[in-house]
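One structure is given below, encoded as structure tokens.
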Amino acid sequence: MSATTSRPRRSALRRGEAASGWIFTAPVVILLGLFLGVPVLMALWVSFSDWGGRGSPFSSGVHFVGLDNYAQLLTGGGLATQDFGMALKNNAWYVLLVVPIQTAVALGLAVLVNRQVLRGRGFFRTAFYFPSVTSSVAITVLWLFLFSATGAVNAVLSWVGIHGPNWFNDPHGIVQNLLGVFGVTQGPAALTDNTFLGVSWWNWLGGPSVAMSAFIIMAVFTTSGTFMLLFIAALQNLSGDVTEAAIMDGANGWQRFWQVTLPQLRPTLFTVLTLGLIGCWQVFDQIYTGTQGAPGKTTLTPAYLSYQSSFVNQEWGQGAAIAFILFVIIVVLTLLQRWVLRERKVSRRRMRLYQSAVVESAVVEKGGRS
């Protein structure tokens, strides 16, 4: 009887806990639904409609146009396709360079300031983190001043005999500029004659423009400090037993970092890469404050193009479609990144090698004792 009566009590207790949980989380769920879920659904409807920005998007004058807005961006072949292709190309190079560099810099700074022998660690942590809490608008204005034709960056480069470029007015790709040093000024016909989203493959592979390179440097400068704190927290939570065992086995500092420390940082590394990936694909305020896509649309990004299409050109359907294409890109890349950084099972071959090594070491130890 006691076992029979305890089961209903446990189930009733669980139902009560579930109800209490929903009661406490209901305000947040309602707020998220009203101010996040509903706007997202409305934007999704706008991406499938011909809404012109006036009145309600659900009025009788707004018509469902299906995938027309998406088709104009992806297969239309007009100016909208070219702008979207250029924005994707610019942002792809931005992500490809910023995410790994800022992750490596953040990890290096974290290892540096986490050392016990370093004096003034608090000062260095604050100094490295300070750019992350500074207004992005203020940083962008400062960057425009530093990287101008007569700015401080070109002045420093002139000290070592380098004639700096006109950073925010140079639309040429850095890869194309490097090839130009060796006399290559025109790509092969296979790259110049074939296009993807209205942009030739020669331009896709030409690298970020000089202007976008300045934004790439700024992104690394302003975001590395934030991710440094995440790595510091992870490093301080690592157990020293494994490191001590590696030292006893004769592993040097580089081997301990790659074989011991870095594998234990896998969850933090995934978090940093995911946040960096999302942030880089959503870059907007630097472009809006700085160049607004100039020069020659080589600093145009999908986030800024979505704003420009909606609020400037009054193409609200295309603007919403760009936003949802960008959302799909971010989700797909995040899932791909999660798959790459997943925990992999030890193969049977490695397990047999490990077991044989353990057995051999045990036999040797036993023989030495005897």
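The values are calculated or read from the model by the stated rules, or taken from the named source; none is laboratory data. Here the structure is a predicted model, which means the values were calculated and not measured. Here the Cβ is made from the backbone with ideal geometry for all residues, glycine too, and neighbour counts use every protein chain on show.
Structure above, values below:
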{"read-out": "Residues (among the small types (Gly, Ala, Ser) and either farther than 12 Å from Met86 by Cα or assigned to a loop (DSSP other than H, G, I, E, B) (or both)) located in the range 186-216", "value": "Gly187, Ala189, Ala190, Gly198, Gly206, Gly207, Ala211, Ser213, Ala214"}
{"read-out": "Hits in the range 245-276 - residues which are more than 20 Å from Leu109 (Cβ to Cβ) and either surrounded by 12 or more Cβ atoms within 10 Å (Cβ to Cβ) or among the aliphatic types (A, V, I, L, M) (or both)", "value": "Ala245, Ala246, Ile247, Met248, Ala251, Gln255, Gln259"}
{"read-out": "The range 282-316: number of residues that are modelled with pLDDT under 95, assigned to a helix (DSSP H, G or I), over 22 Å from Leu144 (Cβ atoms) and of a type outside the set (S, T, N, Q)", "value": "2"}
{"read-out": "Residue in the range 104-126 that is within 23 Å of Trp167 (Cβ to Cβ), polar (S, T, N, Q) and touching a residue at least 24 places away in the same chain (Cβ under 8 Å) present", "value": "no"}
{"read-out": "Matching residues, the range 310-335, being of a type in the set (S, T, N, Q) and touching a residue at least 40 places away in the same chain (Cβ under 8 Å)", "value": "Ser310, Gln314, Gln318, Thr334"}
{"read-out": "Candidates Phe227, Phe257 - the one that is in contact with a helix residue (DSSP H, G or I) (Cβ under 9 Å, 6 or more places away or on another chain), part of a helix (DSSP H, G or I), modelled with pLDDT under 85 and aromatic (Phe, Trp, Tyr)", "value": "Phe257"}
{"read-out": "Leu238 being part of a loop (DSSP other than H, G, I, E, B), farther than 30 Å from Asp83 by Cα and not acidic (Asp, Glu)", "value": "yes"}
{"read-out": "Among the residues listed as Leu229, Leu205, the single one being closer than 30 Å to Phe123 by Cα and either under 24 Å from the mean Cα position of the chain (by Cα) or in contact (Cβ under 8 Å) with a residue 24 or more places away in the chain (or both)", "value": "Leu229"}
{"read-out": "Subset of the range 165-185 [assigned to a loop (DSSP other than H, G, I, E, B) and in contact (Cβ under 8 Å) with a residue 12 or more places away in the chain]", "value": "Pro165, Asn166, Asp170, Pro171, His172"}
{"read-out": "Residue that is closer than 30 Å to Arg256 by Cβ and assigned to a loop (DSSP other than H, G, I, E, B), where the choices are Arg54, Arg119", "value": "Arg119"}
{"read-out": "Inter-residue pairs, beta-carbon under 6 Å, first part of a loop (DSSP other than H, G, I, E, B) and in the range 63-76, second surrounded by fewer than 17 Cβ atoms within 10 Å (Cβ to Cβ) and of a type outside the set (A, V, I, L, M, F, W, C), 6+ apart", "value": "His63/Asp50; Val65/Asp50"}
{"read-out": "Where Gln176 falls short, out of the listed (1) over 16 Å from Gly296 (Cβ atoms); (2) over 20 Å from the mean Cα position of the chain (by Cα); (3) crowded, with 16+ Cβ neighbours inside 10 Å", "value": "(1)"}
